[in-house]
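A.B. asks: My structure is below; once you've seen it, I'll send some questions.
The values are calculated or read from the model by the stated rules, or taken from the named source; none is laboratory data. Source: prediction; values computed, not measured. We place every Cβ from the backbone using ideal geometry, glycine too, and count neighbours over all the protein chains shown.
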Amino acid sequence: MAGSLQDQLKKSGLVSKKKSQQLDVEKRKKIKAKNKGLKSNNEIAEKVQQAKLQKKQDDQKRNQQQQQQIKQNEEKARIKQIIDQVKIKDYDGDTAFNFQFNNKIKTLYLNKENYDALVAGSIGLCQVDNIIFIVPNATVNKIKSINPVYVVLHQDKLNTTPETVSDDPYADYDIPDDLMW
């Protein structure tokens, strides 16, 4: 007996031709529904894959931000350590020195020696956690190379020379520097 089971059942008379066709239609419908189900499963799998990819990108971005924050904290600690080692402690005096810090004018009272050094550019002002420190010029340059945000005031007058005009009529007169604001 060759042929399918359905053909054999038809020949024996147990199943009619009409019943056989109905079974074929139902079988095709099941296969079609199964194929549609696979497509929806594929869509779900794609959505899951996209969600995993998005989560991975978010995790990488968060990790990068954390690494950047760690780097900033290490940089800040390094600068704070440098400043603590070389800061000038005895600077209190009667001479007021005004400077801009956080868009505000701040006043620092210095003794004459430190005032002259600050104006000349041999010392500078640096800040950590909004606290102002007076440090030597070499330290200011070192901090500026690490991160210039921590430098408040650095007058680099040691390396610059004032340019004079050859036909300046007031070249022979000294400019008084005794005006205090």
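A.B. asks: Pick from the stretch 104-135 the residues that are under 33 Å from the mean Cα position of the chain (by Cα) and of a type in the set (D, E, K, R): which of them is surrounded by the most Cβ atoms within 10 Å (Cβ to Cβ)?
C.D. replies: So, considering only residues that are under 33 Å from the mean Cα position of the chain (by Cα) and of a type in the set (D, E, K, R), the one surrounded by the most Cβ atoms within 10 Å (Cβ to Cβ) is LYS106.
A.B. asks: Can you tell me which condition TYR91 does not meet? The list is (1) in a loop (DSSP other than H, G, I, E, B); (2) at pLDDT 90 or above, and all the others hold.
C.D. replies: The failed condition is (2).
A.B. asks: Still on this structure, I have one more. Only one of ILE143, ILE79, ILE134 is part of a helix (DSSP H, G or I), touching a Gly at 6+ places or on another chain (Cβ under 9 Å), touching a residue at least 12 places away in the same chain (Cβ under 8 Å) and not basic (Lys, Arg); which? First the steps, then the outcome.
C.D. replies: Values: ILE79 fails: touching a Gly at 6+ places or on another chain (Cβ under 9 Å); ILE134 fails: part of a helix (DSSP H, G or I).
Being part of a helix (DSSP H, G or I), touching a Gly at 6+ places or on another chain (Cβ under 9 Å), touching a residue at least 12 places away in the same chain (Cβ under 8 Å) and not basic (Lys, Arg) holds for just one of ILE143, ILE79, ILE134, which is ILE143.
A.B. asks: In contact with a helix residue (DSSP H, G or I) (Cβ under 8 Å, 6 or more places away or on another chain), surrounded by 10 or more Cβ atoms within 10 Å (Cβ to Cβ) and in the same structural domain as VAL119 (by TED's automatic domain parsing): is that true of PHE101 in this structure? Write out each step before concluding.
C.D. replies: Working: in contact with a helix residue (DSSP H, G or I) (Cβ under 8 Å, 6 or more places away or on another chain): no; surrounded by 10 or more Cβ atoms within 10 Å (Cβ to Cβ): yes; in the same structural domain as VAL119 (by TED's automatic domain parsing): yes.
No: the conditions fail for PHE101.
A.B. asks: Here is a follow-up. Just need a number here: residues in the stretch 107-152 that are out of contact with any strand residue (DSSP E or B) (no Cβ under 6 Å at 6 or more places or on another chain) and within 19 Å of LYS71 (Cβ to Cβ).
C.D. replies: 8
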